[in-house]
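The values are calculated or read from the model by the stated rules, or taken from the named source; none is laboratory data. Given the structure is predicted, the values throughout are model-derived calculations rather than measurements. Glycine gets a Cβ as well: all are built from the backbone with ideal geometry, and neighbour counts include every protein chain shown.
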Amino acid sequence: MEELYAKGWPDTFDVFSGNTKIGVCYYEDESALPFIISNGKIYYGKNGDGHWSIGYDLIGTSQEEIDDLDSFTEIERIEKKRDDAVWELRKDKNYISGRIWSPMYTYKNIKLPFELSVISFWGFDGKTDKKIDGSLIRQIIDYVGADENNVLVVKFNDNHDSNGYGKIYNYTDWDFYVPKMSDSQKDVYAVHLMKSKDKHDATADFRTNRDRKIGQKLTNDKGVEMPIAQYRNMIYSENINRIIKNVLKEYIDKNVKRIIF
């Protein structure tokens, strides 16, 4: 097999061997586990979810409990509390977030000689590369039950963009250094980790357009386009995620493969 490399963002990328795509790592894969390293500890989120899911454990609640609520005001209150808890972790100067996929999804049923786990990091929000405590990474590998001999680590270069290049190392050959976050990564990560209110304000135009599009997509029982007022009334009595999950697939950013709320 030729040397492996990655193309994409740290949370969504393709794995290549030469010119052949052999694997896909996407942040919503069921095997994708988000984690944060802060103050010498590891915090785990929910598989296939964002890093904000880590905040649910920190505040002693769950996404399922929020899904059962009918009040938008109460939902936003809890989500702000969740976001603030994760934001506190970022105050550590050695804070870093990443994901581990175990095992890696293969592309078009291409069979690899063994099951591979993949670790990727967003990078440090600073001026220099930094070395991670190897014992912490060992804990992450043990947490998912991976074999260190079948673990790959992806390091994206500083000139990373939507078509950027990530060098892939065998875990056993990796030096535990993680590059600083590039400007392109910072732009995406800034929205990715906004507090609820800031994200709400920053994405106001998007949400207005999203609501209009949703109204156009949804119809009532007579097959007539549903007014947005009727849609808003409906979401108070039903779970919003169940209503618009499929509709919002059209609004995934083509570069970062992320739905922005």
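Some points to look at:
- Subset of segment 18-39 that is hydroxyl-bearing (S, T, Y) and surrounded by fewer than 21 Cβ atoms within 10 Å (Cβ to Cβ) - its residue that is farthest from D92 (Cα to Cα): T20
- For segment 114-134, the condition holds for at least one residue, the condition being that it is in contact with a helix residue (DSSP H, G or I) (Cβ under 9 Å, 6 or more places away or on another chain), over 16 Å from F16 (Cβ atoms), aliphatic (A, V, I, L, M) and modelled with pLDDT of 85 or more.
- Residue that is farthest from H51 (Cα to Cα), among those in segment 67-104 that are of a type outside the set (D, E, K, R) and in contact with an Asp or Glu (Cβ under 7 Å, 6 or more places away or on another chain): P103
- Restricted to segment 100-113, and to residues there that are at pLDDT 80 or above and out of contact with any helix residue (DSSP H, G or I) (no Cβ under 8 Å at 6 or more places or on another chain), the residue that is surrounded by the most Cβ atoms within 10 Å (Cβ to Cβ) is W101.
- Residue within segment 54-73 that is closer than 24 Å to G134 by Cα and assigned by TED's automatic domain parsing to the domain that holds D142 present: yes
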